[in-house]
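The block underneath contains the structure these notes are about, expressed in structure tokens.
The values are calculated or read from the model by the stated rules, or taken from the named source; none is laboratory data. Quick caveat, the model's predicted, so the values are computed rather than measured. So basically every Cβ, Gly included, is an ideal-geometry build from the backbone, and we count neighbours across all protein chains shown. All accessible areas refer to the heavy atoms of the entire protein, side chains included, with ligands and DNA or RNA removed. Shrake-Rupley method; radii C 1.70, N 1.55, O 1.52, S 1.80 Å.
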Amino acid sequence: MTEVIFKESIYTADMAVSSTLAVLMEAERLKAQGVDIVDLGAGEPDFPTPRNVKDAAERAIEENFTKYTATSGIAPLRQAITEMLKRDFDVDYDPSDVLVTVGGKQAIFNAMAALVDPGDEVLIPRPYWVTFPEIARFLRAEPVFIDTAPTHFLLTAEIVRQSITPKTRMLIINSPNNPSGRIIPPAEFKRIVEVAAEHDVWVLSDECYLHFAYPPAAPFTAGQLSSELRKRLCVCGSFSKSHAMTGWRLGFALARHEWIRSMLKVQSHSTSNANSMTQRAGIEAALGPQESVREMIDEYQRRRDWLVPALNEIPGISCDLPEGAFYVMPDVRGLFGTQVSDSCGLAKLLLDEARVVVTGGSAFGAEGYLRISYANSLEEIKKGVSRMNELARSLVKSHSAV
């Protein structure tokens, strides 16, 4: 019998499995074995979906709202998304400029697939969410990374200007940022988009952590920019983080009609519509009571305010205070030495010896850092930091003994 050989396509051969999902899988594997681990790697809220949102989905099932819907999403949900933005930010969008997607990730993929050609350059600030460069590579485009370490992970208009070339097609902005938690001030955000517009560069604004801004920072959406700047802008959002709906897979995109229409082509031949019951739940998430959202955000701020000072007390670690999201990104280069020489090695050591799950910064283009999630109870966070402290002290001691 002839041997059957599988040859991977050029579109996936260079693509890496999401490192953040790999961390989640390893954590689940250890938990299944009964290992006492502290999971500080999670990229999802540790809160339940709000009761009113779950009730809306249950009603949809009882009413047999279980069939295909329009690929772009049901009209009431697209209308609800525009009303949500009007209520929260005094922003006006037409429902025809809204596309409902299977999670925020599909909104981003559709937006890039509809605009980026092979050979184009896609500007991606570093550190970055792991999926951005992989989508660019899948589309045979060239991810070009903007190093924001010199500005403490804050993207500025000037470094964007310095990074644009004649081949630049798109700039991706992620604020609040995963993994750093940094928020671009509104005035600087405006200047960044103006620079992009001057050079005929399109902008994708990933706003999946939009509401996770801690005072004195405040939520800001790119949709608040002028209508002229919005002509080359796509806002991608999600209910996953703000309403603890990660498993529901419900996202959305807002852009000029031509861009949305092209994105709809991609979606019509991939997933078609988002889950029908989830869409009904999304209407409630958008327009229903928001007290649970505010309570979650207040709790995240409480955890952040405890975590950052605690990390700064650990030898070999320094950590800035992020303005948003639910991650911190401490500098751990002070722990590198004979036992560990990079962030992934340190993350593995923390898992193997301290039973703490974190993600190495190299996965996000930020070697020398760790991404630590505080989407876990304060009790678990304190336990994890205690374990990290113990391991760090042993590493520093071993380094000084050499």
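What number of residues within the range 322-341 satisfy the criterion of being touching a strand residue (DSSP E or B) at 6+ places or on another chain (Cβ under 8 Å) and either of a type in the set (A, V, I, L, M, F, W, C) or more than 17 Å from Met388 (Cβ to Cβ) (or both)?
Qualifying residue count for the region: 7.
Could you count how many residues in the range 61-83 are at positive phi and open to solvent by 40 Å² or more (accessible area, probe 1.4 Å)? Break it down into steps so the answer makes sense when it comes.
Our first condition is that a residue be at positive phi; within the range 61-83, this holds for 64, 73.
Right, trim to open to solvent by 40 Å² or more (accessible area, probe 1.4 Å) and you get 64.
Residues in the range 61-83 being at positive phi and open to solvent by 40 Å² or more (accessible area, probe 1.4 Å): 1 in total.
Is there any pair with a first residue in the range 140-153 that is within 11 Å of Ile124 (Cβ to Cβ) and a second that is among the acidic types (Asp, Glu) and open to solvent by less than 60 Å² (accessible area, probe 1.4 Å) whose Cβ atoms are under 9 Å apart and which are 6 or more apart or on different chains, and what are they?
Between residues of the range 140-153 that are within 11 Å of Ile124 (Cβ to Cβ) and residues that are among the acidic types (Asp, Glu) and open to solvent by less than 60 Å² (accessible area, probe 1.4 Å), the close pairs are Ala141/Asp120; Ala141/Glu121; Glu142/Asp120; Glu142/Glu121; Pro143/Glu121; Pro143/Glu134; Val144/Glu121.
Would you say Ile135 is within 15 Å of the chain's Cα centre (by Cα), under 24 Å from Arg371 (Cα atoms) and in contact (Cβ under 8 Å) with a residue 12 or more places away in the chain? Outline the logic, then answer.
Values: within 15 Å of the chain's Cα centre (by Cα): yes; under 24 Å from Arg371 (Cα atoms): yes; in contact (Cβ under 8 Å) with a residue 12 or more places away in the chain: yes.
The answer is yes for Ile135.
Scanning the range 383-398 for residues that are open to solvent by 60 Å² or more (accessible area, probe 1.4 Å) and either touching a residue at least 40 places away in the same chain (Cβ under 8 Å) or outside any helix (DSSP H, G or I) (or both), which turns out farthest from Leu349 (Cα to Cα)?
Here the answer is Lys383.
In the range 102-122, which residue that is touching a Leu at 6+ places or on another chain (Cβ under 8 Å) and closer than 21 Å to Trp248 by Cβ is most open to solvent (accessible area, probe 1.4 Å)?
Among them, the one singled out is Val102.
Working only within the range 262-292, note down all residues that are free of Cβ contacts under 8 Å to residues at least 24 places away in the same chain and closer than 18 Å to Leu210 by Cα.
Of everything in the range 262-292, those that are free of Cβ contacts under 8 Å to residues at least 24 places away in the same chain and closer than 18 Å to Leu210 by Cα turn out to be Gln290, Glu291.
Would you check which residues across the range 233-261 are within 16 Å of the chain's Cα centre (by Cα), of a type in the set (Val, Ile, Thr) and either surrounded by fewer than 22 Cβ atoms within 10 Å (Cβ to Cβ) or not in a strand (DSSP E or B) (or both) and list them?
The one that is within 16 Å of the chain's Cα centre (by Cα), of a type in the set (Val, Ile, Thr) and either surrounded by fewer than 22 Cβ atoms within 10 Å (Cβ to Cβ) or not in a strand (DSSP E or B) (or both): Thr246.
Of the residues Val17, Val100, Val91, Val38, which single one is among the β-branched types (Val, Ile, Thr) and free of Cβ contacts under 8 Å to residues at least 24 places away in the same chain?
Working: Val100 fails: free of Cβ contacts under 8 Å to residues at least 24 places away in the same chain; Val91 fails: free of Cβ contacts under 8 Å to residues at least 24 places away in the same chain; Val38 fails: free of Cβ contacts under 8 Å to residues at least 24 places away in the same chain.
Only one candidate qualifies: Val17.
Checking the conditions here, which among Arg393, Arg302 is at pLDDT 95 or above and either of a type outside the set (Ser, Thr, Tyr) or more than 29 Å from Pro185 (Cβ to Cβ) (or both)?
Details: Arg393 fails: at pLDDT 95 or above.
Every option except Arg302 fails the conditions.
Between a residue in the range 310-336 that is open to solvent by 10 Å² or more (accessible area, probe 1.4 Å) and any residue that is among the basic types (Lys, Arg), which pairs come within a Cβ distance under 7 Å, given they are 6 or more apart or on different chains?
Partner pairs satisfying both residue conditions: Pro315/Arg393; Glu323/Arg182; Met329/Arg371.
In the set Arg169, Arg161, Arg140, Arg191, which member is part of a strand (DSSP E or B) and over 20 Å from the mean Cα position of the chain (by Cα)?
Working: Arg161 fails: part of a strand (DSSP E or B); Arg140 fails: part of a strand (DSSP E or B); Arg191 fails: part of a strand (DSSP E or B).
After applying the criteria, what remains is Arg169.
In the list Pro150, Pro143, which residue meets the criterion of being at pLDDT below 95 and either more than 19 Å from Val203 (Cβ to Cβ) or of a type outside the set (A, V, I, L, M) (or both)?
Working: Pro143 fails: at pLDDT below 95.
Answer to the selection: Pro150.
Output yes when any residue across the range 362-378 is open to solvent by 30 Å² or more (accessible area, probe 1.4 Å), farther than 30 Å from Ser240 by Cα and in contact (Cβ under 8 Å) with a residue 24 or more places away in the chain, and no when none is.
There is no residue in the range 362-378 that is open to solvent by 30 Å² or more (accessible area, probe 1.4 Å), farther than 30 Å from Ser240 by Cα and in contact (Cβ under 8 Å) with a residue 24 or more places away in the chain.
Looking at Ser341 and the list (1) free of Cβ contacts under 8 Å to residues at least 40 places away in the same chain; (2) assigned to a helix (DSSP H, G or I), which single condition is not satisfied?
Here Ser341 clears every test but (2).
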